[in-house]
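See below for the structure under consideration.
Since every read-out is calculated from the coordinates, none of them should be taken as a lab result. Since this is a predicted model, take the numbers as computed values, not measurements. Don't worry about glycine lacking a Cβ; one is built from the backbone with ideal geometry, like all the others, and counts go over all protein chains shown.
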Amino acid sequence: MRPLEDYLVIDFSQFLSGPSASLRLADLGARVIKIERQGVGDICRTLYTSNLVMNGESSVFHAINRNKESFEVDLKKEEDCEMVRELLKKADVMIHNFRPGVMDRLGFDYQSVSALNPTIIYGEISGYGNEGEWKNKPGQDLLLQSVTGLTSLTGNADSGPVAMGLSIVDMLAGAHLAQGLLACLYRKAIKNEGGLVQVSMMESAYDFQFETITSFMNDGGVLPERSLKNNANAYLGAPYGIYQTANGHIALAMGSIPALGSLLACEALLKYTDIKEAFDKRDEIKAILADHLISSDTEKWLSILEPADIWCADVLNWQKLIEHDGFKVLNMIQKVEMLDGYTYETTRCPIRIDGELLTSSKGSPKLGQDNQNIIKEFITLKAVTNA
C-alpha cells in the first residue's frame, strides 16, 4: 500500500507548476481528479513546448498528467459548480494555480471551500504572491527566471543573461507545494485539521538560490561575477566548469590546480600553488585548462582523473545517457497506457519507498473521460437536480 492511498485530490491547476505537485501526490498513491474547462481543458493540452504531438495533444501534458482522471465542467454553470462542490466535500486536498482573485470570483476560494469541508487542505501557487504591485503579473517561468536573478548566474561573463533550459521555477514551486501539502496531511492525520498552503514562484526561485543570495547579502552586496571562460558557478574558482575535449566535453568540479597540472601533464598549471589563485586568477587558469584538454579525448582524461579521485564526469546527451548501464540499472523509464489504448514511455517517480519503485501504468486522461464514473461515484442525484 502506498502512503497516500485513499486520499482524494481535486486539482484545478494547469500547465506545469500545480500539475507537477499533483503528479507527485498521485505517484505516492493519491487519487487525483483534474477539474478541466469544458471544451478546452488544461491549457497544457495544446500549449506545446516542442513540435511533438502525442495522441492529438502536447507531449508535456502527457508527461505531467499521467496517473490522473479528468472531470470536464463549465464553472459558469451553477449545476457544474454544484457537482464540483460535492467533490470538494469529500476531498482531502484541493490545488489551483490561478492568479489572485480568480478563485474568489468562481466561488472556490479558501474560505468558501473550507466552509464546505473544514478539514480540506487547500494548496495554491501564484506567480508573485497575493500582495504588492506584481501580484497580477503572469506567473510564467522565463519571466520569473529573469526577474529573480537566475539568468545572471548561467553562461560566461560576456554572454549576457542566460535562462536555464528547463521550466525550473515551475517545477520548484510544484515541489514546494507538494512538501507543504504533505506536511499538512500529516497534521490532518494527527489532529484532523485542514489548512491553507501557499507558494509563489518568486519565493521558490529565491529559495533555489539560498546559497548564492546568502553570500551576496553577507559580502557587502557585491554581485557575483561569472568567469569569462567555462563558467559553471559564479562563486566557485577554477577549475569548476565544462571543457571541450577532442571528441566531446568533460566536467571538472573542485580540485587542486597543481595536482591537476601533474595528472594532466600540463606544466603551465604547476605554478598556481596558492589556493587563492583558483579565484583570483580563475579566467587565466581556465584558459590554460581549456587549451590543454582539447588536445585529447574525454576517455583519456577520465582514465587519468577518476583513479586519482578527481571529481570529474563525461558530459552526455539524453541518447548516450539512456544507453548507459549506469542509467539502465535505475529503471527510470516506464510505459503507460491511456484509456484508448495509446501507449507512451515517460519517466517514473524518482522516490523509492521500502525498496519499491513507484511506477504506474496509467497514462494521461482524455478530456472529460472520467465524468460519468465520477458523477456516479461521488455526486448524488439530489445534489445535481437541486442545483
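At-a-glance table
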quantity: Label-point separation, residue 192 to residue 371 (7 Å along Cα→Cβ), nm; calculated: 3.7
quantity: Inter-label distance for residue 361 and residue 247, nm, one decimal - labels placed 7 Å from Cα along Cα-to-Cβ; calculated: 4.2
quantity: Backbone N under 15 Å from the residue 295 label point (7 Å along Cα→Cβ), restricted to region 251-276; calculated: 260-271
quantity: Per-pair calculated FRET efficiency, R0 = 51 Å: residue 304 and residue 5 via Cβ, rounded to 0.05; calculated: 0.50
quantity: Size of the chain as Cα extents on the principal axes (Å, biggest first); calculated: 85, 49, 42
quantity: Potential extension, residue 322-residue 162 segment - 0.36 nm per residue separation minus Cα distance; calculated: 54.9 nm
quantity: Which of 249, 176, 324 has the fewest Cβ neighbours within 10 Å, and the rest in rising order; calculated: 324, 249, 176
quantity: Contact order relative to length of region 247-387, as percent, for alpha carbon pairs under 8 angstrom and 6 or more apart; calculated: 18
quantity: Burial ranking of peptide ranges 237-243, 341-347, 280-286 (average Cβ count within 10 Å, highest at the top); calculated: 237-243, 280-286, 341-347
quantity: 20 Å Cα-Cα reach of residue 77 towards lysines, excluding residues that sit fewer than 8 places from it in its own chain; calculated: 34, 89, 376, 382
quantity: Neighbour-count order for 266, 44, fewest beta carbons within 10 angstrom listed first; calculated: 266, 44
quantity: Cα-projected label distance for residue 216 with residue 267, points at 7 Å along beta-carbon direction, nm; calculated: 4.4
quantity: Convex hull projection area averaged over all views, region 241-323, Cα basis, nm²; calculated: 5.4
quantity: Order of 36, 337 under a 10 Å beta carbon neighbour criterion, fewest first; calculated: 337, 36
quantity: Relative contact order of the chain, pairs being alpha-carbon contacts under 8 Å that are 6 or more residues apart, as %; calculated: 17
quantity: Mean residue ellipticity (222 nm) of the chain, computed from DSSP H runs ≥ 4 via -39,500 (n - 2.57), nearest 500; calculated: -10000 deg cm²/dmol
quantity: R0 of 56 Å, Cβ-Cβ distance residue 284-residue 340: FRET efficiency to nearest 0.05; calculated: 0.40
quantity: FRET efficiency, 1/(1 + (r/R0)^6) with R0 45 Å, evaluated for residue 330 and residue 274 via beta carbons; calculated: 0.60
